[in-house]
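Bear in mind these aren't lab numbers, they're just calculated from the coordinates by the rules spelled out. Since this is a predicted model, take the numbers as computed values, not measurements. Heads up, the Cβs are rebuilt from the backbone with ideal geometry, glycines too, and the neighbour counts pull from every protein chain shown.
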Amino acid sequence: MRRLVFIPVCFVALLVPVVVLAGGGQGGFDGVVRTIETRYHVRATRIPFVGLISFVSRKATHGGVSNLHVAEFEYFSPAMDGDELTQLVETKLGSGWERVIRETSRNGANQTLIFMHPEGARMGLFVFDADGHDLNVVEVSVDPDHLNETVNRYDHHGHDWDVDESN
Amino acid sequence: MKDRRLHLAVGLVLVAAATLVSAAQAQNAPAQNSPLPLPPAVEKELAARASNVTEVTLGKNMLGFAAKFMNDKDEDEVATRKLIEGLDGIYVREYEFDKDGQYSMEDLQKLRQYFETSEWSPIVRSRERRTGETTDVLVKMVNGETRGMFVLSAEPRELTIVLILGPVRMEDLGKLKGLGGLGALGDVERDVHSKDKDKDKTTDKEKEKDKTKGGTE
């Protein structure tokens, strides 16, 4: 009889952490997007072929930009409390991500959060930007050395163009 | 006896479950609260009254990584890179207000008081009665070296706080103005230089006075 009581108690006790980990515990980009959807009752617009775009950008920049994630919320109308939002995003991103820029307006219409996360030689960037009725969430991993090379290449082109213009 | 064992076993299982739950929650704990070494109450009060708040927080790790984005072939950027790599942190807070009088002189005094220690000394203090603008620049001196800088710039509808921790040279300040939110540093550098020039002018005048005095005596 006692065994019959003991087994269900153990089962329930072990089920609780499993549910917690599987449900609200999901972190990172997906965790943030899902939490925004739940908290503000909105749905993110799925951008087709983001995986392919991420792959192409990785190849095009020689590894300078990779791991691209984008979520777009159109016609976003709920007012956001800046402090609550920051807390929410920080909690979902978890430790390791440092907030470097935060811009918030009292009326809640404009919110910008930029987080950085060192990943060895690379840097993870997480950008949350709400402007009026548009809300965008982007995560990307960048390699400063490769990215610098690419930027410099275009920078030189830009200078050449400036010289041509002045002539 | 069997009852006690059963209770013990159930208790252990529950404790294990609670530990797992709290570990899962700890993993998702917020990354940071307020890294700016300022009284949090003042920050909160100002933020609550402001219509727009901008915060830039760059710790040592982030600065080290940001430095990697500097171009090695450009002399200016190499110098900026060296400067950034040596710093311990850059913190900027910008508060914009809808109308005048959203912050008081007491609020400013609270911020200044926080830095009124023996290590921090004021180098620029300007007050414009007509526009109501005030600027305070304090530097942290450790063994004769500048180890930090605090800039408090207040306009009737805007309040900017810049805190730089680490070795800072006045002549390098202008190099940081390209970083987000640090545009005011170019003005600080100019203020400091103009202050030095004024000092030079006054000392020159004093020297001339001494000469003329010496000549007449």
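Odds and ends about this structure:
- Pair B:Met141, A:Asp134: separation of 7 Å Cα→Cβ label points (nm): 5.2
- Inter-chain shielding of A:138-150 (mean C-beta neighbours from other protein chains, 10 Å cut-off): 2
- By the count of other C-beta atoms within 10 Å, a proxy for reagent exposure, B:Lys110, B:Lys140 are ordered fewest to most as B:Lys110, B:Lys140.
- Interchain or long-range residues, amide H under 5 Å from A:Ile101's placed H: A:Ile114, B:Thr57
- Packing around the peptides A:58-64, B:146-152, taken as the average count of other Cβ atoms within 10 Å per residue, puts them in this order, highest first: B:146-152, A:58-64.
- FRET efficiency for A:Thr112 and B:Arg129, using Cβ-Cβ distance with R0 set to 35 Å, rounded to 0.05: 0.45
- Environment charge of A:Asp81, counting only residues whose C-beta is closer than 11 Å and scoring Lys/Arg +1, Asp/Glu -1: 0
- Database remark: amide H of B:Glu133 closer than 5 angstrom to the amide H of B:Glu128 (H placed geometrically; neighbours at sequence offset of 5 or more, or on other chains; Pro and chain starts carry no H).
- Across peptide A:102-114, the mean count of Cβ atoms from other chains lying within 10 Å of each residue's own Cβ comes to 3.
- For B:Val124, residues with placed amide H under 5 Å, excluding near neighbours: B:Val137
- Couplings 3J(HN,Hα) of region B:54-66, computed from phi: 10, 10, 10, 10, 10, x, 4, 4, 5, 5, x, 6, 4 Hz, in residue order, whole Hz [Karplus 6.51 cos²θ - 1.76 cosθ + 1.60, θ = phi - 60°; x for Gly and Pro].
- Residue-averaged beta-carbon neighbours from other chains (10 angstrom radius) around A:84-94: 3
- Fewest-first ranking of A:Met116, B:Met170, B:Met70, using other Cβ atoms within 10 Å as the exposure measure: B:Met170, B:Met70, A:Met116
- Label-point gap, in nm, between B:Gln113 and A:Phe49 - each point 7 angstrom along Cα→Cβ: 6.3
- Cα point-scatterer Debye curve for region A:26-166, base-10 log of I(q)/I(0) at q = 0.09, 0.11, 0.19 Å⁻¹: -0.33, -0.49, -1.12
- Structure note, pairs A:Lys59/B:Lys68; A:Lys59/B:Lys73; A:Lys92/B:Lys82; A:Lys92/B:Lys99; B:Lys60/B:Lys110; A:Lys92/B:Lys68: Cα-Cα distances above 31 angstrom occur for A:Lys92/B:Lys82; A:Lys92/B:Lys99.
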